[in-house]
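As structure tokens, the structure follows; a few thoughts come after it.
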Amino acid sequence: MADYDNRLMRGAATTADTMDMGLRAHMLRVYNYMTGALALTGVVAYVVANTPALLNAFYQMTAQGLQPTILGWVVMFAPIGLVLLLSFRINHMSQGAAQATFWGYAALMGASLSSILIVYTGASVALTFFVTAATFGTMSLYGYTTKRDLTGFGSFLFMGLIGLLIASLANMFFQSPMISFVVSVLGVLIFTGLTAWDTQKIKNTYYEVGRDGALAGKAAVMGALALYLDFINIFLFLLRFMGNRR
């Protein structure tokens, strides 16, 4: 009887070890996807910003500053369509198609963000990137290691995100420096918190679908997309404070 109990305990320990190893591999895949997407975004942004023909295709200089062309507006809004496609259709897509859509999204984001390298100095962009990386890494590590359930925290942040979007749209008409400042501060705080929440959510999703390779592969793509969006938004909001315009 004692030996039977020991076998049960050894079996449970082996299963737990297998899940832990699988989780580590899954998280590594998520972070690799996200890092690759950030690198692709950066390369595309640099190429567009330093290729006059491409830059002129997406942007034009006016009395009000750098403004998107019609193609520029298309490139700016196309990523939203790809995010919606992945969010609502990923269960009907192959893993390869999901990955291709994800990489396409990252490339389009690079084209749409190329203007940053024209408006801000390279040194301030680099500094903001490293501060963002440190902030993101700290909060993602917290989300991965904490035993606290962040579900309620995530719901609160989601409501804050809706308020942030409404305030941003309203400020397009009011053009208030104070509202812009408050939106920037809240944006950094909200997406920093969402980084921890999304990381924990990726862990929980793996425990639900980890035994299904196809589902786990798609979950890795969606997890990478969530963390990529958190990183990019923290970077953009911080750039409003740390960016030095040319």
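The values are calculated or read from the model by the stated rules, or taken from the named source; none is laboratory data. What you see is a predicted model, and the numbers here were worked out from it, not measured in a lab. When we count neighbours, we look across all protein chains shown, and the Cβ atoms used for this are built from the backbone with ideal geometry, even at glycine.
Of all residues in region 45-65, those that are over 11 Å from Ser114 (Cβ atoms) have Cβ atoms under 6 Å from Cβ atoms of residues that are of a type outside the set (Gly, Ala, Ser), 6 or more apart or on another chain, in Gln60/Gln67; Gln60/Thr69.
Do we find a residue being loosely packed, with under 13 Cβ neighbours inside 10 Å, of a type in the set (S, T, N, Q) and at positive phi anywhere in region 172-179? The answer is yes; a qualifying residue exists.
Given the options Tyr120, Tyr142, name the one that is among the aromatic types (Phe, Trp, Tyr), closer than 29 Å to Tyr46 by Cβ and surrounded by 15 or more Cβ atoms within 10 Å (Cβ to Cβ). It is Tyr120.
Filtering Arg245, Arg240 for residues that are charged (D, E, K, R), out of contact with any Ser or Thr (no Cβ under 7 Å at 6 or more places or on another chain), in contact (Cβ under 8 Å) with a residue 40 or more places away in the chain and over 30 Å from Asp20 (Cα atoms) leaves a single hit, Arg245.
Of all the numbered requirements in (1) farther than 17 Å from Thr138 by Cα; (2) touching a Lys or Arg at 6+ places or on another chain (Cβ under 9 Å), Leu215 misses one, and that requirement is (2).
Determine, yes or no, whether Gly110 is closer than 24 Å to Leu238 by Cβ and small (Gly, Ala, Ser).
Details: closer than 24 Å to Leu238 by Cβ: yes; small (Gly, Ala, Ser): yes.
Here the answer is yes, as Gly110 does meet what is asked.
Keeping to region 2-49, report how many residues are at pLDDT 55 or above and either of a type in the set (A, V, I, L, M) or closer than 30 Å to Gly122 by Cβ (or both). Selection size over region 2-49: 26.
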